[in-house]
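All remarks here apply to the structure that follows.
The values are calculated or read from the model by the stated rules, or taken from the named source; none is laboratory data. Quantities reported herein were computed from a predicted structural model and do not represent experimental measurements. In this analysis, Cβ positions are derived from the backbone assuming ideal geometry, glycine residues included, and neighbour counts consider all displayed protein chains.
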Ligand code: HEC
C-alpha cells in the first residue's frame with residue numbers, strides 16, 4: 001500500500017512537471033496551429049551520411065550554416081568578456097581593443113591568440129567546435145574591429 005502511494009505521488013509530480021513544461025496552451029490549439037508550430041520547430045536541415053539514402057524529400061546535406069558572431073559571443077565569450085573577468089578585454093571597450101590590436105599588430109594575430117588561447121584566455125574561448133571563421137566573427141562582434 002505504501003508503495004502504491006509513493007507511485008501515485010510520483011505520477012502526480014510527474015504530471016505537474018509535464019504540465020509546467022508544456023504550459024497548457026497547446027491543448028487549446030487546433031490542428032492547424034499545431035502543425036504550424038511543428039513546422040517552425042523542426043530541425044533546420046537533416047544530415048545525409050555518405051552511402052546512405054537521404055530522407056524523403058531530399059534532406060539537405062548540411063545540418064546548419066555557421067553561427068553568427070553574436071550567437072557565439074553570447075553563448076561562449078560573454079561570461080568573461082562582458083564583465084572583464086580575469087582581465088578579459090570587454091565587449092565594446094574600444095580603447096582596450098585598439099590597444100590589443102596595436103600590441104599584437106593585426107586582427108589576424110588576435111584571432112590566432114583566441115584560437116590557441118593566451119594566458120587566462122582558453123583556446124577558442126571554450127567553443128571547441130567553433131570554426132576559425134566563427135571565432136573571427138565573434139571577435140569582430142565584441143571588439144568592433146574588422147579582420
Ligand atoms: C574563461 C574566460 C574567457 C572566455 C570564456 C573567453 N575569453 Fe577571451 N580572453 C579571456 C582573458 C582573460 C583574456 C586576456 C588574456 C591576456 O591577455 O592575458 C582574453 C583575451 C581575448 C582576446 C584578445 C587576445 C589578445 O591577443 O589580446 C580575444 C580576441 C578573445 N579573448 C576572444 C574570445 C572569444 C572569441 C571568446 C568566445 C568564443 C572568448 N574570448 C572567450 C578570457 C576568456
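Within the range 133-147, can you find the residues that are in contact with a helix residue (DSSP H, G or I) (Cβ under 7 Å, 6 or more places away or on another chain) and either under 12 Å from residue 68 (Cα atoms) or near the ligand (Cβ under 8 Å from one of its atoms) (or both)?
Within the range 133-147, 134, 135, 136, 137, 138, 139, 140, 141, 142, 143 qualify.
Could you identify the single residue in 60, 102 that is out of contact with any helix residue (DSSP H, G or I) (no Cβ under 9 Å at 6 or more places or on another chain) and either assigned to a loop (DSSP other than H, G, I, E, B) or at pLDDT below 95 (or both)?
None of the others qualify; the one that does is 60.
For residues that are surrounded by 12 or more Cβ atoms within 10 Å (Cβ to Cβ) and within 16 Å of residue 137 (Cβ to Cβ), scanning just the range 93-112, find the one that is nearest to the ligand (Cβ to nearest atom).
By that ranking, first place goes to 110.
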